[in-house]
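Read through the structure below, which is laid out as structure tokens, and then see the notes.
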Amino acid sequence: MSAVSLEWALPQPIVNERDERLVSVIDIDETALHAFSPVTFALVIARDAAGFLLVLNSRRRVWELPGGLIEPGESARECALRELREESSQRVSTLRWRALLLLDLPGHASARRTEYGALFCGELIPDVAFVRNEEADEIGLWQPDALPTRTSAIDAYLLRLFR
């Protein structure tokens, strides 16, 4: 059996404000992550009855999914939980694997590079207070069809795909 069970190759990449391009979404089992390299980041789609969690990035002033770079020795799952907590102060009751993302990213001297990212989903634990931090100025809960104007295009696409 192949490690890839389904790949949604996008007819046109979804491009965000940093010229990062989501090329495809790959439906694999989390245990097959080791077959893809490099897996450099993890994102979390967290929700509750009011909507989906987005954080307002303090540097870029863009609403985005919580997530970030995987640190040395850290698994994608550990990264997702850490970044969710660091950026939003939030926790999830369970963290479920969702998909592998293939991105085409800007590099040095107009070169581009390809990287993979891990996408997880989870149900928010209620009544956790947000603490403003160096990465996020605020958080909000939004419905996929009523996202803030300055939402990262890739994250908006992922929310609509996995609602």
Tilt of helix 76-88 relative to the longest C-alpha principal axis of the chain, in degrees (0 to 90, nearest 10)? 30
Where does the stretch 74-163 land on the Kirkwood hydrodynamic radius, alpha-carbon pairs, in angstrom? 15.0
Per the Kirkwood formula on distinct C-alpha pairs, the Rh of the stretch 48-120 is how many angstrom? 14.0
Give me the tail of P(r) for the stretch 99-143 as a percent: Cα-Cα pairs with distance above 14 Å. 71
Note, ³J(HN,Hα) from phi for the stretch 43-48, Karplus 6.51, -1.76, 1.60, rounded to Hz, x at Gly and Pro: 10, 10, 9, 10, 9, 9
Given 25 °C and 0.890 mPa s, compute D for the chain with the Stokes-Einstein relation, Rh being the Kirkwood radius over Cα pairs; round to the nearest whole µm²/s. 153
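Computed from the coordinates by the stated procedures, all read-outs in this text should not be read as laboratory data. Here the structure is a predicted model, which is why all the values come from computation and not from measurement.
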